[in-house]
Each structure stands twice: as structure tokens, then as C-alpha cells.
1. Counting only C-alpha contacts under 8 Å and six or more residues apart, can you give the relative contact order of the chain as a whole percent?
2. How far, in nm, would the chain grow between Ser137 and Glu207 when pulled straight, counting 0.36 nm per residue and subtracting the alpha carbon separation?
3. If packing is taken as the average number of other Cβ atoms within 10 Å across a peptide's residues, how do 126-138, 253-265, 289-301 rank, most packed first?
4. Given axes a ≥ b ≥ c from the Cα gyration tensor, I'd like to know whether region 124-298 is rounded (a/c under 1.5), prolate (a/b larger than b/c) or oblate.
5. Cut-off 10 angstrom, C-alpha nodes, Gaussian network model of the chain. Which of Asp269, Asp280, Asp179 fluctuates the most?
6. Per the helix-only calculation at 222 nm, which mean residue ellipticity applies to the chain, given -39500 (n - 2.57) for every DSSP H run of n ≥ 4 and division by its residues, nearest 500 deg cm²/dmol?
7. Express in nm, to one decimal, how much length is gained between Asn80 and Glu242 on full extension, taking 0.36 nm for each residue of separation and deducting their alpha carbon distance.
8. Which residue, chosen from Tyr316, Phe25, Leu149, occupies the Cα position most advanced towards the positive end of the dipole of the chain, where the dipole is computed from +1 (Lys, Arg) and -1 (Asp, Glu) charges on Cβ about the Cα centre?
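A short reminder: the numbers here are calculations on the coordinates, not readings from a lab. Note that the coordinates shown come from a computational prediction; the quantities given were computed from them, not determined experimentally. Heads up, the Cβs are rebuilt from the backbone with ideal geometry, glycines too, and the neighbour counts pull from every protein chain shown.
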Amino acid sequence: MEFINPTGSSNILQSPFWGSLKEAFGWKPYSFNYNGVLILVLVRKVFGKYSIAYIPHGPVLSVDDQTGVNLKEIGLEIKNSLPTGCFALRYDLPSGVYQTDPVMFNMKPELEKASSDIQPPDTVIISLKENEEDILSRMKSKTRYNIRLSFRKGVIVKKTGIESLDDWYRLYEETSLRDKITIHSKSYYRKIFELSFEGSELKEDPERVLFRADYNNQLLAGIIVALYGNRASYLYGASSNENRNLMPAYALQWEALKFAKENGCTEYDLFGIPPEDNPDHPMSGLYRFKTGFGGDILHRPGCWDLPLKPVVYKLYRWAETVRLFYYKKIRKR
């Protein structure tokens, strides 16, 4: 099994921006140097003096390092600089395998599989190295048809920013009710754009764009895309219950792809799909939509935990499992 490392300097979840964003909403960011590479670690209090540490899409390691032993060594070294009540270090591993079928990752016993994944472990990466016609040619014919149909029917895509956030968030709330997904408060998404204002003290500040699709001056859909290094990432999307036959989501992604390419990106991350093409999966439509753009399917291992205080960690795992059951089995009804 060949592992591919698709991140590196273009890993927005390991950027100073991401640490600042999460700090504004209850996390404490720490930065550690491992063999000359900085690792962003986020720490959040859970109850009392106890906290959990989380490394989003990091550290970037080879397959041998990622399987467990070296992650344990890194974690125990990091532990010395974390709050004394930190009971676990959760890795959200960035390296993975490019293939269509799901992957079973065999990790060494130093780590335990987390109850659930934070970032989606499976995604689609679209190469932007070729010209637009070649990018289109790799898409499924139905996707190309829907892109052209959307524009032919009069959908207009505009590149905007925070000025469209209020309209977009109303659609996002509508999307949340329709698809039964949990979303952040509006202030979270506003902060995404506020951190990119001119005069920001952040280094290597990513560009964030809100693309909106309108029809007859009515907002039909919108997506938030971030450009960092050579990668563009589709982070959040919202759509109306009305005029879905106009296929605005296809037009939005195509315009975002073109914008990313024009601004020097060589790849576009669609940021999350189900692990396989299973019609019984509740998000099967999302799988067909994103894979239709012709990218490569990347499977990552997801979240793995290094317990630092085993008794407290077991109690947290129990509480986490109950919470997960509520959101997946009860709230979805």
C-alpha cells in the first residue's frame, strides 16, 4: 500500500490562520517544532481541569512514522508542554492513499481509533495543472452537462466576501434543517473573513472567498473556498430549497476551480465524501456530486488518540460515544 502525503506547506489546517480562528472559539493553540517542522496543536478544556489536545491534519510524516510508534514519541514529547490536565492527544492524520475503494488502515497499538473523525477522512482532490478544457474532459459527462445547463438557464456566479455572509448564512441555516447537519454560529464564519482583512498580523494569511450563485437576483447557493499555498479547499456550502433544478452547485464549483487555477493553485480539495459509492449511505448524493468533477479519491486514516491519562480518557470516550449516538441516531430522525 503506497501512502501519499498531499499536504505540507499548503495545509491550511496547520496554518497560523487556523490556530487564530480556533482560538477565537475556545481552543488554545500551541506550536511545536519537530525536526524543523512546526506542528499546530489545539487544546480545549472538556471538564474541570481536564482538557484534550488535537492536531488537525498533522503532523506530516512518512507512512512508517504515521503508523503509531513515532506518533507516540512525538506525543509524549509534546505532553511536557501541554496543560497538566490534558488526558489525550488526538491526531487527525493527513497522509493517505489514492484509490477508489475504501481503505482499512492497520495502526500499531500505541494509538486508539477515536470514536469519530473530526475532519472528513475521505475526499476528492482535483488537479489544476492542466488547461480548463482538459480539466473539463476528466469530469463525468453529467457534471459537464449540469455546469453548462446552470449557466444556460441564467445562473450568475459572483466572487464576493463578507458582504454576502448574512445572505449566505440564512441559506446555511436552511441547509442545516434540510440535511440535519450541525453548523457553527454566524460569528464563526464572520471571523473567517475578518482574519483576512488588510492589516492582519497573521503570516502566510490564506485568501478566503465566498462565491454566490444568483438567479433573478435571488441567492440560490454559496460556497466558502480558501486558497493557501498551492491548494484551494472548499470548506462550507449552502443551498436553497428552491430552483434546485438550475444546478447552481455545479456552476459554483466550476467558477471556484477556475479562480483557484488563475491564482496559482495546482489542486482543489472538495473536502469530504462518504468512503464509498453506497446508495444506502445518507450522503450518497454528495459522493456522486463530488466524484463527478473527475478528481482523485483520497482516503486518510482519520482520527487516532494517544491516551495520556487512561482513566479520564475512558470516561471521555464513553461520554463521546453517547453524544455521537444522539447526533447520528436521534437528532437525525
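1. On the way: 601 pairs, mean separation 85.8, N = 333.
Result for the chain is 26 percent.
2. Working: separation 70, 0.36 × 70 = 25.20 nm, distance 2.78 nm.
Length gained between Ser137 and Glu207: 22.4 nm.
3. Working: 126-138: 14.6, 253-265: 19.5, 289-301: 21.2.
Descending packing order for the listed peptides: 289-301, 253-265, 126-138.
4. rounded
5. Taking springs between Cα atoms under 10 Å, the residue moving most is Asp280.
6. Working: 10 runs with 105 residues, N = 333.
Calculated at 222 nm, the ellipticity per residue is -9500 deg cm²/dmol.
7. Working: separation 162, 0.36 × 162 = 58.32 nm, distance 5.36 nm.
53.0 nm is the gain from fully extending Asn80 to Glu242.
8. Tyr316
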